[in-house]
1. Taking residue 447 and the conditions (1) assigned to a helix (DSSP H, G or I); (2) without any contact (Cβ under 8 Å) to a residue 60 or more places away in the chain, which numbered condition does it fall short on, given that it satisfies the others?
2. Quick one: which of 671, 679 is at pLDDT 85 or above and closer than 26 Å to residue 315 by Cβ?
3. Within the range 505-528, is there a residue that is touching a residue at least 24 places away in the same chain (Cβ under 8 Å) and either closer than 30 Å to residue 446 by Cα or charged (D, E, K, R) (or both)?
4. Any chance you could count how many residues in the range 190-207 are in contact (Cβ under 8 Å) with a residue 24 or more places away in the chain, more than 20 Å from residue 241 (Cβ to Cβ) and small (Gly, Ala, Ser)?
5. Name the helices (runs of 4 or more DSSP H) wholly inside the range 173-289 in which the number of residues that are in contact with a Gly (Cβ under 6 Å, 6 or more places away or on another chain) is 2 or more.
6. Which members of the range 636-680 meet the condition of being part of a loop (DSSP other than H, G, I, E, B), small (Gly, Ala, Ser) and touching a Lys or Arg at 6+ places or on another chain (Cβ under 9 Å)?
7. Are there any helices (runs of 4 or more DSSP H) wholly within the range 464-566 with 1 or more residues that are within 30 Å of residue 668 (Cα to Cα), and if so which?
8. Looking at the range 299-326, which of the residues that are surrounded by fewer than 20 Cβ atoms within 10 Å (Cβ to Cβ) and among the β-branched types (Val, Ile, Thr) is farthest from residue 283 (Cα to Cα)?
Amino acid sequence: MASKTDISDLDVEALSEDQAKAALAKLAVELSAANAAYHTDDAPEISDAEYDRLKRLNSAVEERFLHLKRPDSASDQVGAAVASGFGKLTHSVAMLSLANAFTDEDVQEFDISIRKYLGFGADMPLAYTAEPKIDGLSLSLRYENGVLIQAATRGDGSVGENVTANARTIADIPHQLEGAPDVLEVRGEVYMSHADFTALNTQQEARGGKTFANPRNAAAGSLRQLDAEITRARPLRFFAYAWGSISAPLGQTQWEAIARLKALGFETNPLTKRCTGPSEMIAHYTDIEAQRAALGYDIDGVVYKVDDLALQGRLGFRSTTPRWAIAHKFPAELAWTTLEGIDIQVGRTGALSPVARLTPVTVGGVVVSNATLHNEDYIKGFDSKGQVIRGGKDIRVGDLVQVYRAGDVIPKVADVDTDKRSAQATPFEFPRTCPQCGSDAVREEGDAVRRCTGGLICPAQAVEKLKHFVARGAFDIDGMGAKQVEQFHTDGWITEPADIFTLQERYGSGLQQLKNREGWGDKSASALFAAIEDKRKIPLARLLFGLGIRHVGEAASNMVALHYGSWDALEQAMDAARDRTGAAWDDLLAIDGMGAVMAGSLVGAFAQEAERASITRLVAQLDVADAVRADTTGSPVAGKTVVFTGTLEKMTRVEAKARAERLGAKVAGSVSAKTDILVAGPGAGSKAKKAAELGIETLDEDGWLALIEGL
């Protein structure tokens, strides 16, 4: 990097703690300024691509340095806040963003995940629509009794800007509809054609005004004019492709609904196509990509949606994206450069990760000097499943390699030109010892990664575990970020999590006080001590996640916490399951979603003497709050353990599990003496037999639905 805060050639993988913090501060300023220019001043100062790059870059830095995430982070926003000068309108149905796909394999995985969720076999018909992803400004139009009554931008996804007067000036937007449902919110994209954009900028130059960076910013700035007459003079267009609130369905499928919108008078994209599966979707994507330059308006990918609206309803939504749709983005720019070296980094789980050190090269407008190489198999020419990649060509220091930016953020090596390989180039020998502590680096069977066995004696693991402990999702201690962790660990003030909670006792007074250290003062030291005290009482799930046990992530920590309820119960269960046999081990494995690998890692953390002692010292400093279940008053299955087996015909296993858990039930994966109810569909097999032997209540699917009916 040119300097700590220069983000023109920012390489996320190579950032130090201080550089990351400075970069996030600068990104916050630049994104804020870009938003003001874009939303308020109608004079964008950077291109749409550069704005998107900065947002993705911001997210990438935050992902690597979770504890440095700023309160004003752009990554927490869907769209942007309402600009001053506009009224606010709350969306009755949130305007969410879309998940992204970047490869054909991603599209195939999307189809597989949909089928798995719905319980559809590979041969079962499942149609999708595929449509160009317009690079414009999202807009929601609300019609009541066929009359346009309001128009709102996406805003932050929940609240948008009231641009009703401006929307009425766009020729593609009807003021009245014939034969529409009583309530209809039509959603689509406001855009500007290339020809109109060129003409507008020519006019702006002739008048001495500011020109626009690209058609999307021109469309956005034009729609957001406080004077609707200025918007009227701008050549804006509108494509309809979705809906929000609606009093009666537009059809039974996405395809029928889009046709209905066209019949009502809206412009819909003529390149929208109904596809029978991934092969047709990808073929249509390729066809659209070939036409991209001649379309006359900007697109940045293709959007796929499950066609059947009833299935869309079953699939539902994740926190910020619909499960039934995905955006297949056009590929990132590629570039060739020289691989100067391969560096090995050590993570908190001991994973040895290879990083390519490159001769700096510009990729997609960004200077790249490092790229991930994943693991030793990737370097040799194999993927995580042992399949040949790059035609089996290995990667060697000195090679000419092709680099791309995945999602336009994370640099990766796509290919290698062996024709230009030096005769002196030798295969890369992956280290068998840890570069940080010298301990053996071993690769367990089935693991794609080689790991350091040093554990607590490995400084890289110790520091990374402490960083994880104080990060968001874990203890989230204000003022105790990665920089402070590194500083205190280097100076010997903290070597394990428990030391954090004795910091004030040891360094709050006396000759060597925290407030007297460089970079600290009385106020900042007092604030840190207060923040530490505030986290002495911690929910069980956050404590478990904070321990940084391999394979036990945030979702698994919540799952385990809910199963055992309290720290004492969890600790006793782990001790009882130490030999990985018996009732306690079976009970652990019976947790739905718990596999033998995760269970072994969890039990192993409590069985390993040094790690257990460290955990015990930590818990002695804490007040661990029991896991709290949702209020399930009136639920006939609250607190009961339910097992599903056989084929469910009216819902998938995933849906059944989710509904049971919402009603307060524990869903287990196997039958035991603790099982209360077995829900058995056709082909139940051994679980039904064991339930009968144990005298466990067994219901068929209809019986289960009757039991929970109305809840």
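1. (1)
2. On the way: 671 fails: closer than 26 Å to residue 315 by Cβ.
After applying the criteria, what remains is 679.
3. Checked the range 505-528: no residue is touching a residue at least 24 places away in the same chain (Cβ under 8 Å) and either closer than 30 Å to residue 446 by Cα or charged (D, E, K, R) (or both).
4. The number of residues fulfilling the criteria is 2.
5. The qualifying helices (runs of 4 or more DSSP H) are 215-223, 254-263.
6. 638, 639, 646, 664, 665, 670, 672
7. Hits in the range 464-566: 540-546, 554-564.
8. By that ranking, first place goes to 320.
The values are calculated or read from the model by the stated rules, or taken from the named source; none is laboratory data. Computed from a predicted model, the values in this text were never measured in an experiment. Glycine also receives a Cβ, built like all others from the backbone with ideal geometry; neighbour counts cover every protein chain displayed.
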